[in-house]
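Q: Submitted below is the structure of interest, expressed as structure tokens.
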Amino acid sequence: MKKTLVLVTLFILPIVIYLFFASGITNFGKLATLTENVSEIDFATNDIALEGKITVLGFLGKDVDNKKGNAFNLNQKIYKRFNEFNDFQFVMVMPKGTEQGVEALKKELEQLADIGKWNFVYGDEDDINRIFRSLKTNLSLDGNLSTPYVFIVDKNRVLRGRDDDEDEGVKYGFDTSSVADLNNKMEDDIKIILAEYRMALKKNNADRPK
């Protein structure tokens, strides 16, 4: 009897656990589609675009110094974990006139990570409001054209998130002032959308005629 238990523990149980997790990975729930046709950033002068990229989209506003803590949280908890993935980027939509503050922020971020996928684009108030309104969330920009929330936009310019969040119901964005929100929710959702695209790529490669 003891030998049977040992054999089960050593050989059968690991296989069962593997099959359980493999099944979970294969059948994981995709991030909900919340808003289609998010406006493209057509005012950027540096060829930054949402189309074709998995984007973390943010609005730091006019007072860059006041949002440094949010940027550092996002950098440490999300960017450093995922910036090596292809087709992944950060885009911060900034008001014109904040260029000097952004350069100072970038210098500080550079001390913590390679910021090659941190992108900053500059628009006027109408540009910024148009992009934000196209997300169609229950959130709003403040008087400085900023919000602590960032958003996941997929390669087809679709806002992705949760439609059954245990705390918010529909979860459009992630609060960069909350380490818990970044650690417990945003990190998981980034993993899901990256896995979704990897699996789609594998399927497309497998379906190609030999």
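The values are calculated or read from the model by the stated rules, or taken from the named source; none is laboratory data. Owing to the predicted nature of the structure, the values given are computational and were not obtained by experimental measurement. So basically every Cβ, Gly included, is an ideal-geometry build from the backbone, and we count neighbours across all protein chains shown. The accessibility values were calculated without ligands, DNA or RNA, using every heavy atom of the protein model including side chains. Shrake-Rupley method; radii C 1.70, N 1.55, O 1.52, S 1.80 Å.
Q: Looking only at region 53-76, decide whether some residue is outside any strand (DSSP E or B), under 20 Å from Leu194 (Cβ atoms), open to solvent by 40 Å² or more (accessible area, probe 1.4 Å) and in contact with a Phe, Trp or Tyr (Cβ under 8 Å, 6 or more places away or on another chain).
A: yes
Q: Moving on to the next point. For region 181-198, give me each residue that is under 12 Å from the mean Cα position of the chain (by Cα) and open to solvent by 50 Å² or more (accessible area, probe 1.4 Å).
A: Matches in region 181-198: Asp188, Lys191.
Q: Now, a different point. Checking the conditions here, which among Arg160, Arg130 is open to solvent by 50 Å² or more (accessible area, probe 1.4 Å) and either within 21 Å of Asn37 (Cα to Cα) or modelled with pLDDT under 95 (or both)? So that I can check it myself, show each step before the final result.
A: Working: Arg160 fails: open to solvent by 50 Å² or more (accessible area, probe 1.4 Å).
Checking each option against the conditions leaves just Arg130.
Q: Working only within region 163-210, note down all residues that are modelled with pLDDT of 95 or more, among the hydrophobic types (A, V, I, L, M, F, W, C) and farther than 18 Å from Ile54 by Cα.
A: Correct list: Val170, Val179, Ala180.
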